[in-house]
Each structure stands twice: as C-alpha cells, then as structure tokens.
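This report concerns only the one structure given below.
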Amino acid sequence: MENFRETLTIDLSQIFRQILRKWFWVAIAGILAATFSYCYAEYYVTPVYRATSVMLVELRESNIEELDSEKVTIAQKYVSTFADIIRTNYVLEDVIEDLGLQGKETPSSLFSRIKVYVADETFLIKVTFDHPDKQKAQEYLTAIDNSVVEKVKEKFGSDFVKEWDPPTVSNGPVYPSVSRYTAVGGMIGVVVSLSLIILIALLNNKVKSVADLQRIEDLPILGVVPSLDAIEKNKK
C-alpha cells in the first residue's frame, strides 16, 4: 500500500476525462446557481436609485481671460475644501432639520449614502445620493445642495458655491445589477462543481483499469479476471 501511494501520480488527462463525463452536472450547477442569484437579486435585494447633481465653485471675475494662474490655483484649492464640507455634520444636520427627519435619519446614515467627486483641473463638484425611493433621493440631494450653498455663504461671506446641474435621478436602480448577480452566480456554480470533480478525482486512488495498474507498476500483465457483469453480458 505504501508503494502504491508513492508511485501514484496525478494524471491530468484522467481528470480532464472525468470533467467531460460530468459536464452535464457542471452545467446544471451553473444554471441552478445563476437562477438562485437572479431570484435573490430580483426579489430579495432592495433596489437603490441614485440622484446626481453638479456644483460649481464660481470665481469672482466674470471674464475668464482676466484670471491669472495664481487665482486659478487658489480657486481649485477651494474646490476640495467645499467638497469636504458637503459631508460634514454641519451640513447634514441642517438637511435633517430642513426635511423634518429627526428620529428617522442621522448624519451618519446620510453620510454613508453620499459620494462626492471632484473633476481634475476643474471647478466642478459632482454629488450623488442613494436611496430606495426615487423621489426621496432627489429631495434629499436637493436639500443637501441648498444647505451647502447657504453654509458656504454663511461661513465664507460669499456665494462661492452654486448649483450647476440640479439633481436628477437614474431611470432604473443602480443596485443591484441583476445581470451581474446572475453572471457571477453562474460562474460560482461552475467553479464549485469543477472543484468538487477535480477534488474527488485526486482523492480517488482506486485502480479501475489495466491502464491504471500499468501506470502505477512497471510490471507485465499476465491476465485479467473479467467481472461477473461482463460474463453475464457476453452470455446474453
């Protein structure tokens, strides 16, 4: 038995043949996993809609040709500052009060649904807000934009920030992606089933044919004892 284990090697062609024999079950596993993922995403995951707006950090001069590089650099530094202000408690608490959300929302709950993007070398700030309700997503983001404009004017003494594009909501949910869930689920089903087939093939150390025995022991084969099933089959 010890000699058998020492001489046993991994036969990749045998594993490949085993996979070909079980291709039907691999396909079934992929289909079942994809179906489960589709149903989960379609019926159990709450869809989320996204409202998007764009804010502008406006320079004081009306003619852009009058701006020198120093003023442009200063204005661009303001952009990152105002972008950070959007997600502060100073703004979010004002939004909660303005919408009458005391006891329903907290600055932390709003913070987790806000994303702020600053376009490189521009004075534009893109803001998004996610919510399961399309109308509320737009209402929340509108309140956020208004609060930012007011708070910046209040603290800096000037309306540096203005709304460039008002909030608009995505036509469909941005999460979950049913197609992505389905595709990933199907791939997981295929990978898991293939892994099980390969694992079983690697752990199977039984000799099932003359070829298996010749692969393990370099000895001549004197004869083969037929199985009872084969004898009965030949008789018929």
(request) Just one of (1) modelled with pLDDT under 90; (2) over 16 Å from residue 82 (Cβ atoms); (3) not hydroxyl-bearing (Ser, Thr, Tyr) trips up residue 139, so point out which. (result) (1)
(message) Among the numbered criteria (1) at pLDDT 90 or above; (2) over 19 Å from residue 109 (Cα atoms), which one does residue 155 miss?
(response) (1)
(message) Being among the hydrophobic types (A, V, I, L, M, F, W, C), touching a residue at least 24 places away in the same chain (Cβ under 8 Å) and over 16 Å from residue 49 (Cβ atoms) is the requirement here; does residue 148 meet it?
(response) yes
(message) Take the residues in segment 139-172 that are of a type in the set (Val, Ile, Thr) and in contact with a Pro (Cβ under 9 Å, 6 or more places away or on another chain); name whichever of them is surrounded by the fewest Cβ atoms within 10 Å (Cβ to Cβ).
(response) 142
(request) Mind listing just one residue for me: the one in segment 29-58 that is more than 30 Å from residue 119 (Cβ to Cβ) and of a type in the set (Val, Ile, Thr) and, of those, farthest from the chain's Cα centre (by Cα)? (result) 31
(request) Scan segment 173-192 for residues that are surrounded by fewer than 15 Cβ atoms within 10 Å (Cβ to Cβ) and polar (S, T, N, Q) and jot them down. (result) 177, 179
(request) State whether one or more residues within segment 65-83 are modelled with pLDDT under 90, open to solvent by less than 30 Å² (accessible area, probe 1.4 Å), under 27 Å from the mean Cα position of the chain (by Cα) and of a type outside the set (Ser, Thr, Tyr). (result) yes
(request) Return yes or no: is residue 189 at pLDDT 85 or above, touching a Gly at 6+ places or on another chain (Cβ under 7 Å) and not hydrophobic (A, V, I, L, M, F, W, C)? (result) yes
(request) Hey, could you check segment 108-138 for residues that are acidic (Asp, Glu) and more than 15 Å from residue 170 (Cβ to Cβ) and say which is surrounded by the most Cβ atoms within 10 Å (Cβ to Cβ)? (result) 121
(message) Any residue at all in segment 17-31 that's part of a loop (DSSP other than H, G, I, E, B), modelled with pLDDT under 60 and open to solvent by 70 Å² or more (accessible area, probe 1.4 Å)?
(response) no
(request) Output the number of residues of segment 32-61 satisfying the condition of being part of a loop (DSSP other than H, G, I, E, B) and either in contact with an Asp or Glu (Cβ under 7 Å, 6 or more places away or on another chain) or open to solvent by less than 50 Å² (accessible area, probe 1.4 Å) (or both). (result) 2
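The values are calculated or read from the model by the stated rules, or taken from the named source; none is laboratory data. Remember, predicted model here, so these are calculated numbers, not experimental data. Every residue, glycine as well, gets a Cβ built from its backbone with ideal geometry; the counts of neighbours run over all protein chains shown. Remember, those area values only see protein heavy atoms, side chains included, never the ligands or the DNA or RNA. Shrake-Rupley method; radii C 1.70, N 1.55, O 1.52, S 1.80 Å.
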